[in-house]
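Worksheet: the structure to be examined is printed underneath.
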Amino acid sequence: MKAFAQDRYGGPEVVSLREVTEPRPGPGDLLVDIRAASVNPVDFKIRSGTLKRLIKDSFPLILGCDCSGEVVAVGDGVTKFVPGDQIFARLRKERIGTFAERVLVDAVFAAKKPASLSHAEAASIPLVGLTSWQALIGIGHVEPGARVLIHAGSGGVGTFAIQLAKHLGAVVTTTASTKHHALLTRLGAAHVVDYRTCRFEDAVDLCDFILDTQGGETLERSFKVVKKGGVVVTIGGSPDATFAKAWGLPTWIVWALRLLMRNVTRLAREKNAHFEYLFMRPDGAELERIAALLRSGALVPVIDRTFPFEETREALAYVESGRAVGKVVIVQER
């Protein structure tokens, strides 16, 4: 089968289209014929080696974390899916590889694709949907009436998180350039702050929950607008020492991250706020609950562009440029 793979870490030039051996399903596996795969910032971070301390890669490495497609074979012990089922999934970090014609997916991480969605639409959902779900519901416990701030609302996570927060009954504020304000208002944002002309902390009321996608200065400034006892979740920047310990990283990395994130730790303590770095985990049960909301129309995919499979490198470059609004998806015609 064909796949976009790399033999070392580096820039776009290390990724090439090649023939690779088609995988065979083992116990608990689905062999999936990929119809679409979305591109996420984590993909070029893995490609470059930025995440090699968190994710143990082996080469040749095929990128791609989420997909939609058709089950063509199942491994022993799989009873929930049969060949012919249309599914979508986010793969676990040790087993990525959706920039290919076929891929193995752990059955426990898959869900039936909503019939109302195309494969491209379904493929755009798993990573951003699960990230939003785990941040807003799993960590934030966002309830009706809560004031929520979501940074970079026009991004993949932002466009989904705004909708989910609105569905939960929250009053949503987001940051974005002026040209995206109409879209984000339609998605459910009550207030949109143009970060280019206004510092968000000067325009935002105190919030119960903040989802930071940027890290760095944006994360630190976010503590100015979180309520006492509120929650701040980040998916940008560096993890903290608590995350590093939970992932079993070496002691020297734990200490280095404690030093690097000491200011954030101090700011959280001063506000008695719960702070957490989130690295989304695949979860089939949560994806099924997201699928139900997609079927009902409560949530909708937001796709900027689609690229044919042969232009996977161009799709990666487009996402890396930071110009995408919503998601970018690679499609394969069958």
**Prompt:** For G129, what charge total do you get from the other residues with a beta carbon under 12 Å from its beta carbon, if Lys and Arg give +1 and Asp and Glu give -1?
**Reply:** -2
**Prompt:** How are the Cα pair distances of region 192-334 distributed, in percent, across 10 Å bins from 0?
**Reply:** 10, 26, 32, 26, 6, 0
**Additional length obtainable on full extension of the chain from V82 to S238, 0.36 nm per residue less Cα span** = 52.1 nm
**Asked** Is the shape of region 127-277 rounded, prolate or oblate, going by the alpha carbon gyration tensor and its root eigenvalues a ≥ b ≥ c, with a/c under 1.5 for rounded and a/b larger than b/c for prolate?
**Response** prolate
**Message:** Can you tell me the orientation of helix 251-260 relative to the chain, as the angle in degrees between its alpha-carbon axis and the longest Cα principal axis, to the nearest 10?
**Reply:** 40 degrees
**Item:** At R0 = 30 Å, FRET efficiency that the Cβ-Cβ distance of D7 and S116 yields, to 0.05
**Value:** 0.15
**Message:** Would any residue of region 23-40 have its amide N under 20 Å from a label point 7 Å out along Cα→Cβ of E314? List them or say none.
**Reply:** 35-40
**From phi via Karplus (6.51, -1.76, 1.60), per-residue ³J(HN,Hα) for region 118-130 in Hz, x at Gly/Pro** = 6, 4, 4, 5, 5, 5, 6, 8, x, 5, 6, x, 5
**Gained length - E94 relative to K224, 0.36 nm times residue gap less alpha-carbon distance** = 43.1 nm
**Prompt:** In nm, to one decimal, how far is the modelled label at T251 from the one at V20, with both set 7 Å along Cα→Cβ?
**Reply:** 3.7 nm
**Asked** For V71, what is the net charge nearby, where nearby means another residue's Cβ is under 12 Å from its Cβ and Lys, Arg count +1, Asp, Glu -1?
**Response** +1
**Item:** Percent of beta bridges antiparallel (DSSP, the chain, rounded to nearest 5)
**Value:** 55 percent
**Request:** Using just the helices of the chain, give the 222 nm mean residue ellipticity in deg cm²/dmol: DSSP H runs with n ≥ 4 each add -39,500 (n - 2.57), and the total is spread over all residues, rounded to 500.
**Result:** -8000 deg cm²/dmol
**Complete:** Of all lysine pairs in region 127-277 that are eight or more residues apart or on different chains, those with Cα atoms under 25 Å apart total 8
**Fill in**
If amide H atoms are modeled at 1.01 Å from N in the peptide plane, then the residues at a separation of 5 or more from G49, or on another chain, having amide H under 5 Å from its own are G10
**Fill in**
Computed from the beta carbon distance with a Förster radius of 45 Å, FRET efficiency for R334 and T197 to the nearest 0.05 stands at 0.45
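Throughout, read-outs are computed from the coordinates displayed, never taken from laboratory work. Since we're looking at a predicted model, the values are computed, not measured. Positions of Cβ are backbone-derived with ideal geometry, glycine not excepted, and every protein chain shown enters the neighbour counts.
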